[in-house]
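Asks: Quick one: the structure is below, and I'll ask about it shortly.
The values are calculated or read from the model by the stated rules, or taken from the named source; none is laboratory data. Just so you know, these numbers come straight off a predicted model, no measurement behind them. Here the Cβ is made from the backbone with ideal geometry for all residues, glycine too, and neighbour counts use every protein chain on show.
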Amino acid sequence: MLREKGARVETATPEIEMLASNMLETMTEYSGIGLAAQQIGEAIQLTVIDIRPIEDRPSTLKIGDKEADPDSLMPLVLMNPELTPLSDPEPGGEGCLSFPEMSAEIVRPGRVGVKAMDAEGGLLEFTCGGLLARVIQHETDHLNGILFIDRMDREAKGDLREQLDLLHKKTQAALP
């Protein structure tokens, strides 16, 4: 499921709203700051994000021409996100709830433009930087079947090979 590209969400429905609410609960329960629908077995373009628990990695937010507090959007529900890179790529630490206790430096643009449907089905457009930009890119990758291990350099992946192999074996054993 993690490798599946999610189908577009055409409208915000009560079912989608309930799914997003459940995803936020799951994300919080596992101390995450982002969760994509694929991570809970739903191949749709839906992700939830809440960066408020992380205080040592700042974020920026601009809505229109005005600077805004990133916390003002949290928790954030995005459907069908479209991203535009706005700066050069830079390395930054990332982890993933689907790969417990693994982390690596991943290179991504430090700022992105975001256009998406919000939880109510309205258009949401903003630019962001820092942790918020990184998390949105990470989760949007999930929505497109791309995992953070796909973005690791060879050395980082080599360092995690044993853990990755063990996780792969556990996952295969759990499949019907």
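Asks: For the range 4-30, which positions are in contact (Cβ under 8 Å) with a residue 24 or more places away in the chain, under 19 Å from GLY95 (Cβ atoms) and not hydroxyl-bearing (Ser, Thr, Tyr)?
Replies: Once the filter is applied, which keeps residues that are in contact (Cβ under 8 Å) with a residue 24 or more places away in the chain, under 19 Å from GLY95 (Cβ atoms) and not hydroxyl-bearing (Ser, Thr, Tyr), the range 4-30 yields MET23, LEU24, MET27.
Asks: Might you let me know whether the range 44-53 holds any residue that is surrounded by fewer than 16 Cβ atoms within 10 Å (Cβ to Cβ) and either part of a strand (DSSP E or B) or touching a residue at least 40 places away in the same chain (Cβ under 8 Å) (or both)?
Replies: No - not one qualifying residue is present in the range 44-53.
Asks: Give me the residue from the range 131-165 that is small (Gly, Ala, Ser) and surrounded by fewer than 18 Cβ atoms within 10 Å (Cβ to Cβ) and, out of that set, modelled with the highest pLDDT.
Replies: GLY145
Asks: Among ILE33, ILE63, ILE40, which is surrounded by 17 or more Cβ atoms within 10 Å (Cβ to Cβ) and either among the hydrophobic types (A, V, I, L, M, F, W, C) or without any contact (Cβ under 8 Å) to a residue 60 or more places away in the chain (or both)?
Replies: Unique residue meeting the criteria: ILE33.
Quick grid of which residues meet (1) in contact with a helix residue (DSSP H, G or I) (Cβ under 9 Å, 6 or more places away or on another chain); (2) charged (D, E, K, R); (3) at pLDDT 95 or above:
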{"site": "PRO53", "(1), (2), (3)": "yes, no, no"}
{"site": "PRO58", "(1), (2), (3)": "yes, no, yes"}
{"site": "LEU61", "(1), (2), (3)": "yes, no, yes"}
{"site": "GLU67", "(1), (2), (3)": "no, yes, yes"}
{"site": "ASP71", "(1), (2), (3)": "no, yes, yes"}
{"site": "LEU78", "(1), (2), (3)": "yes, no, yes"}
{"site": "LEU83", "(1), (2), (3)": "yes, no, yes"}
{"site": "ASP88", "(1), (2), (3)": "no, yes, yes"}
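Asks: Next question, about the same structure. Look at PRO100 and say whether it is closer than 30 Å to LEU167 by Cβ and touching a strand residue (DSSP E or B) at 6+ places or on another chain (Cβ under 6 Å).
Replies: The answer is no for PRO100.
Asks: Could you grab me the full set of residues in the range 4-18 that are among the aliphatic types (A, V, I, L, M) and buried (at least 16 other Cβ atoms within 10 Å of the Cβ)?
Replies: VAL9, ALA12, ILE16 - these are the residues of the range 4-18 that are among the aliphatic types (A, V, I, L, M) and buried (at least 16 other Cβ atoms within 10 Å of the Cβ).
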